[in-house]
Structures are given as structure tokens and as C-alpha cells.
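Read the structure below first, then the notes.
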Amino acid sequence: MSLLFAAVFTSKAAEQRDCGRKSLVILYVLVGASLLVSAAAIVLILLKVATRSICPAGWLPNAGNCYYFSTVRKNWSYAKQACKDQCAQLIIIENQQEQEFLTKNSNGKNYWIGLNDINKEGTFKWIDDSSVSYSNWNKGEPNNHPSDEDCVHMYGYGKWNDASCGMNQDGWICEKKCTC
């Protein structure tokens, strides 16, 4: 009987050791998987933070730039200076995608943009003195009518119009590069 007892006891002990090893292996696998998932999550968070664009409060991000839609009724010169005071400039609209973003966020209001022909009638330049490569003029514009329409505003529906620089629009749009 003692031989039978010893065989059963040895068999049970071997099963328990096997069970303990299996439990340890499962535990190691679970800990390893948990560490991998945690590391992946940290990498994703760091990538998101590294690529996230940050705009000042009240500014909207789009394609690496920040945009400020003023709601103060002022003339073009005031708008130009107000943008400078915020380390920005009146908007330079470079393409259809940017135009669509601006139109979508205009809330139906008219905004000064950074386009003018102050230096030479009929030769429109952006605020940084660059030439116009994209335009979105309203039908019949620019027309300099009645006269001295040297600054450009964007209607709430996105089209552009030349107007007197001294008149007040609903606001203006400033832009600057996003900071990270």
C-alpha cells in the first residue's frame, strides 16, 4: 500500500508542479502582452502629442495654420494692424481647400482678407507682397466701382469683392502658423 500511496503522491505532486508551471507561463504571457499594449499606447499618445497643432484660444486650426475670425466692425488698416498685434497677418488664401474652410467658418459674415491693389490699381498683391495664384472673385469683380476700391473682403458665401479700405466690414481673418 505504501508503494501505491507513494506513486499516487508522486503523480499528484508532478501534476501540481505542471499546473504551477502552466500558471506561471500564462502569467508571464499576460504580463508580457500587457507591457506590449501599454508601450504601444504610450507611443500612440506621444505621436499624437508630437503631431498635434496648437492654436491660441479663439483660433481655429486648419492644415498647419491657425485662423482668427474677428467680430469687430473696423476698416482694412485697423484689421491689418490688429493681426500684426497678434503676431499674425491678414489671411492669404492659397487654394480651394483653404477657401472652403474659411467659407464654412464665416457664419455668413463679410471679412477683410489680406489682398489689395493699394500700390498699383488693378495689380492685386497679398499682404506679404506675393502675387495671386488662387482667386475667388465674385462675378464682375474686381471692378473698382465707384472708385478707390483698393482692399478686398470675402463675402459670407466665400466670394471676394474689392471695396474701399476705409469702410467697415463685419470683421477680418488673421492667420499664423500653428505651434506644437
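Please find, among Glu121, Glu175, the residue that is in contact with a Cys (Cβ under 8 Å, 6 or more places away or on another chain) and either closer than 24 Å to Ile54 by Cα or not in a strand (DSSP E or B) (or both). I'd like the intermediate steps shown before the answer.
Values: Glu121 fails: in contact with a Cys (Cβ under 8 Å, 6 or more places away or on another chain).
Of the residues listed, the single one that is in contact with a Cys (Cβ under 8 Å, 6 or more places away or on another chain) and either closer than 24 Å to Ile54 by Cα or not in a strand (DSSP E or B) (or both) is Glu175.
Of everything in the stretch 164-179, what is open to solvent by less than 30 Å² (accessible area, probe 1.4 Å) and of a type in the set (S, T, N, Q)? Give them in sequence order.
Gln169 - this is the single residue of the stretch 164-179 that is open to solvent by less than 30 Å² (accessible area, probe 1.4 Å) and of a type in the set (S, T, N, Q).
I'd like the full set of residues that are among the small types (Gly, Ala, Ser) and open to solvent by less than 50 Å² (accessible area, probe 1.4 Å), limited to the stretch 135-163.
Of the residues in the stretch 135-163, the ones among the small types (Gly, Ala, Ser) are 135, 140, 147, 156, 158, 163.
Correct list: Gly156, Gly158, Ala163.
I'd like the full set of residues that are assigned to a loop (DSSP other than H, G, I, E, B), open to solvent by less than 70 Å² (accessible area, probe 1.4 Å), of a type in the set (A, V, I, L, M, F, W, C) and over 9 Å from Trp172 (Cα atoms), limited to the stretch 66-95.
We begin by selecting, within the stretch 66-95, every residue assigned to a loop (DSSP other than H, G, I, E, B); these are 70-73, 75, 86-88, 91-95.
When the remaining residues are screened for being open to solvent by less than 70 Å² (accessible area, probe 1.4 Å), the result is 70, 72, 75, 86, 88, 91-93, 95.
From the residues that got through so far, the ones that are of a type in the set (A, V, I, L, M, F, W, C) too are 72, 88, 91-93.
The answer is Ala88, Ile92, Ile93.
Could you please let me know if Glu175 is of a type in the set (Asp, Glu) and in contact with a helix residue (DSSP H, G or I) (Cβ under 9 Å, 6 or more places away or on another chain)? Break it down into steps so the answer makes sense when it comes.
On the way: of a type in the set (Asp, Glu): yes; in contact with a helix residue (DSSP H, G or I) (Cβ under 9 Å, 6 or more places away or on another chain): yes.
In short, yes.
Restricting the stretch 96-124 to residues that are without any contact (Cβ under 8 Å) to a residue 40 or more places away in the chain and in contact with an Asp or Glu (Cβ under 7 Å, 6 or more places away or on another chain), which is surrounded by the most Cβ atoms within 10 Å (Cβ to Cβ)?
Here the residue is Phe124.
Specify the residue that is nearest to Asp162 (Cα to Cα); the eligible residues are those in the stretch 106-118 that are of a type in the set (S, T, N, Q) and part of a loop (DSSP other than H, G, I, E, B). Full working, then the answer.
First, pick out the residues of the stretch 106-118 that are of a type in the set (S, T, N, Q): 106-107, 110, 116.
Adding the requirement that they be part of a loop (DSSP other than H, G, I, E, B) leaves 106-107, 110.
Values: Ser106: 18, Asn107: 20, Asn110: 12 Å.
Result: Asn110.
The values are calculated or read from the model by the stated rules, or taken from the named source; none is laboratory data. This structure is a prediction, so every number in the text was calculated from the model and none was measured. All Cβ positions, even for glycine, are placed from backbone atoms using ideal geometry, and neighbour counts span all protein chains on display. In case anyone asks, the SASA skips ligands and DNA or RNA and just uses the protein heavy atoms, side chains included. Shrake-Rupley method; radii C 1.70, N 1.55, O 1.52, S 1.80 Å.
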